[in-house]
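The following block contains the structure, expressed as structure tokens.
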4 protein chains.
Amino acid sequence: MIIVMKVNSTAAEIGAVIARVQEAGAVPHPIYGVERTVVAVVGETRAVDPKTFVQMPGVEKITSISAPFKLASRESHPDDTVIRLNGVQIGGKELVVMAGPCSVESRSQLLETAHAVKEAGAHILRGGAFKPRSSPYSFQGMGLKGLEILAEARETYGLHIITEVMTPQAVPMVAEYADILQIGARNTQNYGLLHAVGRVQRPVMLKRGMMSSMEELLMSAEYILAGGNYRVILCERGIRTFEKYTRNTFDLNAVPLLKQLSHLPVIADPSHGTGRWDIVTAMARAGVAAGADGLMIEVHPNPAEALSDGPQSLKPRRFADLMRQIKRVAEAVDRSLSTVPDVAPEMVP
Amino acid sequence: MIIVMKVNSTAAEIGAVIARVQEAGAVPHPIYGVERTVVAVVGETRAVDPKTFVQMPGVEKITSISAPFKLASRESHPDDTVIRLNGVQIGGKELVVMAGPCSVESRSQLLETAHAVKEAGAHILRGGAFKPRSSPYSFQGMGLKGLEILAEARETYGLHIITEVMTPQAVPMVAEYADILQIGARNTQNYGLLHAVGRVQRPVMLKRGMMSSMEELLMSAEYILAGGNYRVILCERGIRTFEKYTRNTFDLNAVPLLKQLSHLPVIADPSHGTGRWDIVTAMARAGVAAGADGLMIEVHPNPAEALSDGPQSLKPRRFADLMRQIKRVAEAVDRSLSTVPDVAPEMVP
Amino acid sequence: MIIVMKVNSTAAEIGAVIARVQEAGAVPHPIYGVERTVVAVVGETRAVDPKTFVQMPGVEKITSISAPFKLASRESHPDDTVIRLNGVQIGGKELVVMAGPCSVESRSQLLETAHAVKEAGAHILRGGAFKPRSSPYSFQGMGLKGLEILAEARETYGLHIITEVMTPQAVPMVAEYADILQIGARNTQNYGLLHAVGRVQRPVMLKRGMMSSMEELLMSAEYILAGGNYRVILCERGIRTFEKYTRNTFDLNAVPLLKQLSHLPVIADPSHGTGRWDIVTAMARAGVAAGADGLMIEVHPNPAEALSDGPQSLKPRRFADLMRQIKRVAEAVDRSLSTVPDVAPEMVP
Amino acid sequence: MIIVMKVNSTAAEIGAVIARVQEAGAVPHPIYGVERTVVAVVGETRAVDPKTFVQMPGVEKITSISAPFKLASRESHPDDTVIRLNGVQIGGKELVVMAGPCSVESRSQLLETAHAVKEAGAHILRGGAFKPRSSPYSFQGMGLKGLEILAEARETYGLHIITEVMTPQAVPMVAEYADILQIGARNTQNYGLLHAVGRVQRPVMLKRGMMSSMEELLMSAEYILAGGNYRVILCERGIRTFEKYTRNTFDLNAVPLLKQLSHLPVIADPSHGTGRWDIVTAMARAGVAAGADGLMIEVHPNPAEALSDGPQSLKPRRFADLMRQIKRVAEAVDRSLSTVPDVAPEMVP
């Protein structure tokens, strides 16, 4: 931490800053320049809250020099985290593909989709039973019934399940049905929820909020890790910008950067990231080329009738084509698609 | 809703669109242009989900023509909503001022602040007992103990209390202590929480998320209204943009616009909106001039030692000066500050 | 400037950084912390380009501690700059109002508007003769003919003229007709143009680009000041954000902040800032309350037929009402509207 | 164009709208709904300016249904535009790579870089002789001397030259030396400059502004095309968002979308797009996978000493590695790198 003093700060003001740094148990290093003085703070700086200096007389500003996330940082954990499910690994050399509809809408819709994505080579089935919707009048998901349908698809097709959990209360119930808990983009900074998923034994996929910086995403991951759950997957799904031709601005730069800053696996979601099915395949290829550890893709047997997110869903035939294309790109970057296990995964209790 | 067909769409494609509109119970109006055809949808359009048309063959895009919020809209409720607490009204001709520290840090800190803001003419005491923080290692608030301190300040100084609630589970507890429940900017689209506060008998102040559009803010208000709680207050507190000299971009345009779109009271929060104490007073004046129904201002007896948000907090002396300044601006726009009742407010059970 | 070294940087790497700082003529101050080392750079730092350090081995990042603008800064010029035209001052205690149509469309349209805004108390007539339009097929302005019409209005009504100049070549011609040259928001970083207006003897109003930070705006002002033209006026006119209910997000925070950072006058333009006539008056009041030195307002005798910017233009009757309202707000913040001189202004050659 | 009337608009108001549509030579189609009326405008709509309707009594809003760009649109020109230079094509199946330093800093720096990028397989040499810089005190480029050095590199290494032109006056001079004129991101909407390059016989690469929407980029391309210069190349180079870990947010979604909306070639510039050399290679791979027709990459023999943009420049060795990597990705998407001609290109007069 560096405390920059004003051009005309007095010796007494500088002395007061130095004294407060010492009180906080850290070591102040004043540097007297021609124009102004700065005080560098070293040693046990974690207890020193920069904000307590901001309004001291003579202080101009504070600049930080360390990343605020620790457990999530690559520095603290140089090797990649690999999350193991039965028969599938997330974060290793092989890529995983999560696919399925935005929402579970009916038994037949989900089973048909599960069948199709399994055939095409997907590893994990997505499908929302609880849906965050900006309007209270929109379809809010099938709830428990949706979870039961997901469980049936799991049994039938041997696919792992990822599904969203929206409230702390629902965490235990959803964790009974899901192999991976998903935290949606509107809940990236829902700290009550992050606390709750930090205490369960299920991997968690944390989506970047449409308003979250990469640093905030990593800080939110830190909440889950600090709670004791080390199996966290990061997911880039688009941020909000001024551009209106895409629903969000799918920020693929986050893929190589998060991999560099953190040891956690990174999944790219071009369906939400772009909001347009007609560029999903191109951006899925780009995600793999950028170094993502896997993809999340929305697939619907009949996008035109989807109750949510139809405009960004692929038909099964297009999804199979996407799988063929990303297989080639994966090889071009010395990776491969994970194989699909033949048998039904067993859920770890 | 207007369904715009592609330039080369066929009669069969247009026919299919028309048929689906009819199935949904609405009335299709095809308009055959020189270059392309559009289908206007009228009648019972609420059951017609635009998304179901997007991927139909021949469809180019859908444009909506109605605001998606109903109960929150000015059209549905032409008169201003006025929320009555004991001795204070929010949303009428008189302005209310909510002031206090970001966080309740100690009994003495809160009581000292409460005394100061009451003296200066504030009507409602703010103070966080539960604090959303981006780092799990930062101070998270005093919790229940903080609520008890707020209750004591309430008794002692006759100030109403506004404080944040962060999880659905905590709603009943916080509602026991608070006259107004605050939903923070990170929870504007936390639907589980919106549902929960929609079912209690306490006014709710809903802050605009840092990346919520005005429309999304009104949709989130709609969740609370649709839950049966009609006492909702909107609060502009800054949005996230590229500008870095201010912590957020305090979007005062939302004040006159929300007043026009909705009947709900609108509060301006220049402390969070700007993140800089040195422009809070100027922007508080601007908020009143723009037509806000009140202000929320952070005040701390010693901002340099605040555990959170010190850089944007005013000292009591500066706050008193702010109150004098906004009084004059209020009069210049034909409004006035609400008087401060002498007696302790009685909490409605 | 502070050079932050990596956690595991070597003594040799630190030595190389120190040596390069010395080569550049500045004084390095290494501070050896428990976890990492930082090198503070003081003395003649202006010659030290931070970028030359970024890729040196062992360097993590560079943080700057001084504002990059000098001539525009309040520190370099503590008193307010006041720009004197015949009979009107910009930047003093009295506020000026610039009003008129977006574009000069015809002699009668301009003269009618000039008459109306003069009657209502405006001091300076705005009107574009050269118009930047996003489409090559839109009306591009009347050009020289427009300038001649402005000159006639100037003579007839005794109003000063402000009008936009778009290319370096056109600067001498426009400077013959205009009392103030306007640099539009798309040209805030058009350096060829900034150079050109830095060499003429006319005040320049520099609009903040929709993508310009306040710092960039001040840097662009620095270009004009460094060219030798000290009569620069800053103008806030809205930035681009994700919010779509307003055409731009009128960033009034810039008003008190620019006044604090710089000695130059600051004008607020709520017409472009919001893009909606129905909130222009409210935001004009807010601009005055925030501390602006004046306003720029679009007025059109018949907004529904305006060739550009109709949606944000006020009718003369509404403009007169705006003038009455801001007069009251100005007094509430201890300022007043400038009086309107009776005689035609004489142009300084 | 669809004119949406207010809920309570009167028959007279609707009649006036219909009459004005007719006056403008287009055909009005009123649709009378249960709740409100809309007027669809068909026929010769190009002469109908939507803005003239906005303030008519009873009108709520206008929605547009056609893209505003014509010559740039894929609809107007279904086949890809391929731009032919001697020995290299831009926009065909083969990819081109433009590489070189941000600025020409010296003869030796440029020739060394030219040699290195030629060796590695680049086709076109970039290097700025005129540099737009936010500070008037920063290095502004070598000017004409820089152009002469570029010309020498062209002769010596047989590379085509791309370099930026910043003012209309400089267009003829720069066009004498450059095979491709570059319009920089700050000048995307500098219409004087767009006019000037629309009248020369040189291909133009138009960079997307950091706050230009894709639509605005295409409208700016339209200016050049409408001027008679059909050889326009689009370039995605990052937009400005709230994210601060990258200098800009490199918006790769623009690549497949611009290819879909327009027939013009699209180049991706990950160097400016990200501002970080450490993710340039990953994002270059992603750009190719997304469908770009080529890349622009900053290469500097010694980035740590670059006078501009050092942090995003690759060393020649890393650039050679990038070329090897993108070759593999290109093949995975059924494309290939263009071969490098052996002989010096001849400039078309």
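The values are calculated or read from the model by the stated rules, or taken from the named source; none is laboratory data. Predicted, not measured: the structure shown is a model, and the values here were computed from it. Note: ideal-geometry Cβ built from the backbone for every residue, glycine included; neighbour counts use all protein chains shown.
Would you check if residue D:126 is in the same structural domain as residue D:299 (by TED's automatic domain parsing), crowded, with 21+ Cβ neighbours inside 10 Å, modelled with pLDDT of 95 or more and of a type outside the set (A, V, I, L, M, F, W, C)?
yes
Going by what's in this entry, would residue A:6 be described as in contact with a Phe, Trp or Tyr (Cβ under 6 Å, 6 or more places away or on another chain) and over 30 Å from residue A:262 (Cα atoms)?
Considered against the rule, which asks whether it is in contact with a Phe, Trp or Tyr (Cβ under 6 Å, 6 or more places away or on another chain) and over 30 Å from residue A:262 (Cα atoms), residue A:6 comes out as no.
Tell me, please, whether a residue that is surrounded by fewer than 24 Cβ atoms within 10 Å (Cβ to Cβ) and within 14 Å of chain A (Cβ to nearest Cβ) can be found in segment B:278-296.
Checked against the condition, which is being surrounded by fewer than 24 Cβ atoms within 10 Å (Cβ to Cβ) and within 14 Å of chain A (Cβ to nearest Cβ), segment B:278-296 yields at least one hit.
Mind checking which residues of segment B:302-349 are small (Gly, Ala, Ser), at pLDDT 95 or above and assigned to a helix (DSSP H, G or I)?
Within segment B:302-349, B:320, B:330, B:332 qualify.
Still on this structure, I have one more. Can you tell me how many residues in segment C:92-109 are over 24 Å from residue C:324 (Cβ atoms), in contact with an Asp or Glu (Cβ under 8 Å, 6 or more places away or on another chain) and surrounded by fewer than 24 Cβ atoms within 10 Å (Cβ to Cβ)?
1
Ok, one more. Residue C:224 is checked against (1) under 30 Å from residue A:247 (Cα atoms); (2) touching a Leu at 6+ places or on another chain (Cβ under 6 Å) and fails just one. What number does that condition carry?
(1)
Further question on the same structure: Would you be able to tell me the number of residues in segment D:256-276 that are part of a helix (DSSP H, G or I) and either more than 7 Å from every other protein chain (Cβ to nearest Cβ) or closer than 13 Å to residue D:80 by Cβ (or both)?
Going through segment D:256-276 one residue at a time, the tally reaches 8.
Answer yes or no as to whether residue D:246 is among the hydroxyl-bearing types (Ser, Thr, Tyr), out of contact with any strand residue (DSSP E or B) (no Cβ under 6 Å at 6 or more places or on another chain) and surrounded by 23 or more Cβ atoms within 10 Å (Cβ to Cβ).
no
Evaluate segment C:204-219: report whether one residue or more is surrounded by fewer than 19 Cβ atoms within 10 Å (Cβ to Cβ) and of a type outside the set (A, V, I, L, M, F, W, C).
yes
For residue C:164, all conditions in the list (1) within 12 Å of chain D (Cβ to nearest Cβ); (2) of a type in the set (D, E, K, R); (3) surrounded by fewer than 21 Cβ atoms within 10 Å (Cβ to Cβ) hold save one; what is the number of the exception?
(3)
If residue D:297 meets every condition in (1) of a type in the set (Val, Ile, Thr); (2) touching a strand residue (DSSP E or B) at 6+ places or on another chain (Cβ under 6 Å); (3) assigned to a loop (DSSP other than H, G, I, E, B) apart from one, which number is that one?
Among (1) of a type in the set (Val, Ile, Thr); (2) touching a strand residue (DSSP E or B) at 6+ places or on another chain (Cβ under 6 Å); (3) assigned to a loop (DSSP other than H, G, I, E, B), residue D:297 violates only (3).
Taking interchain pairs and intrachain pairs at least six residues apart, which have beta carbon atoms under 7 angstrom, with the first residue in segment B:311-331 and under 23 Å from residue A:51 (Cα atoms) and the second of a type in the set (Lys, Arg) and assigned to a helix (DSSP H, G or I)?
B:311/A:51
When you scan segment D:47-56, do you find a residue that is of a type in the set (A, V, I, L, M) and under 23 Å from the mean Cα position of the chain (by Cα), even just one?
No, every residue in segment D:47-56 fails to be of a type in the set (A, V, I, L, M) and under 23 Å from the mean Cα position of the chain (by Cα).
Going through C:220, C:212 one at a time, which residue ends up being at pLDDT 95 or above, in a helix (DSSP H, G or I) and within 12 Å of chain D (Cβ to nearest Cβ)?
It is C:220.
Identify all residues within segment B:3-27 that are within 14 Å of chain D (Cβ to nearest Cβ), under 24 Å from residue A:307 (Cβ atoms) and in a loop (DSSP other than H, G, I, E, B); write none if there are none.
Hit for segment B:3-27 is B:25, nothing else.
Which members of segment C:226-256 meet the condition of being under 20 Å from residue C:69 (Cβ atoms) and either touching a Phe, Trp or Tyr at 6+ places or on another chain (Cβ under 9 Å) or not assigned by TED's automatic domain parsing to the domain that holds residue C:171 (or both)?
Within segment C:226-256, C:226, C:236, C:237, C:239, C:251, C:253, C:254 meet the criteria.
Continuing with this model, one more query. How many residues does segment C:67-108 hold that are within 14 Å of another protein chain (Cβ to nearest Cβ) and more than 22 Å from the chain's Cα centre (by Cα)?
Here the count works out to 1.
Another question, if that's okay. Would you say residue C:201 is touching a Pro at 6+ places or on another chain (Cβ under 9 Å), polar (S, T, N, Q) and touching a residue at least 60 places away in the same chain (Cβ under 8 Å)?
yes
Looking at (1) more than 22 Å from residue A:70 (Cβ to Cβ); (2) crowded, with 24+ Cβ neighbours inside 10 Å, which is the one condition that is false for residue A:157?
Here residue A:157 clears every test but (2).
Would segment C:193-203 turn up any residue that is out of contact with any strand residue (DSSP E or B) (no Cβ under 8 Å at 6 or more places or on another chain) and in a helix (DSSP H, G or I)?
Yes.
I need the full set of residues from segment B:223-240 which are assigned to a loop (DSSP other than H, G, I, E, B), at the interface with chain A (Cβ under 10 Å from one of its Cβ atoms) and in contact with a Lys or Arg (Cβ under 8 Å, 6 or more places away or on another chain), in order please.
Hit for segment B:223-240 is B:227, nothing else.
Among the residues of segment B:109-141, which ones are more than 24 Å from residue B:172 (Cα to Cα), outside any helix (DSSP H, G or I), touching a residue at least 12 places away in the same chain (Cβ under 8 Å) and within 14 Å of chain A (Cβ to nearest Cβ)?
B:138
Restricting to segment A:28-82, give me the number of residues that are modelled with pLDDT of 85 or more, part of a helix (DSSP H, G or I) and hydroxyl-bearing (Ser, Thr, Tyr).
0
Could you tell me whether residue A:217 is more than 16 Å from residue A:267 (Cα to Cα), out of contact with any strand residue (DSSP E or B) (no Cβ under 6 Å at 6 or more places or on another chain) and either not acidic (Asp, Glu) or not assigned by TED's automatic domain parsing to the domain that holds residue A:262 (or both)?
no
Output yes when any residue across segment A:185-192 is among the aliphatic types (A, V, I, L, M), crowded, with 20+ Cβ neighbours inside 10 Å, more than 8 Å from chain B (Cβ to nearest Cβ) and farther than 19 Å from residue A:74 by Cβ, and no when none is.
Yes: segment A:185-192 contains one or more residues that are among the aliphatic types (A, V, I, L, M), crowded, with 20+ Cβ neighbours inside 10 Å, more than 8 Å from chain B (Cβ to nearest Cβ) and farther than 19 Å from residue A:74 by Cβ.
Go through (1) over 20 Å from residue D:307 (Cβ atoms); (2) out of contact with any Lys or Arg (no Cβ under 9 Å at 6 or more places or on another chain); (3) of a type in the set (A, V, I, L, M) one by one and return the number of the condition residue D:147 breaks.
In the conditions (1) over 20 Å from residue D:307 (Cβ atoms); (2) out of contact with any Lys or Arg (no Cβ under 9 Å at 6 or more places or on another chain); (3) of a type in the set (A, V, I, L, M), residue D:147 misses (1) alone.
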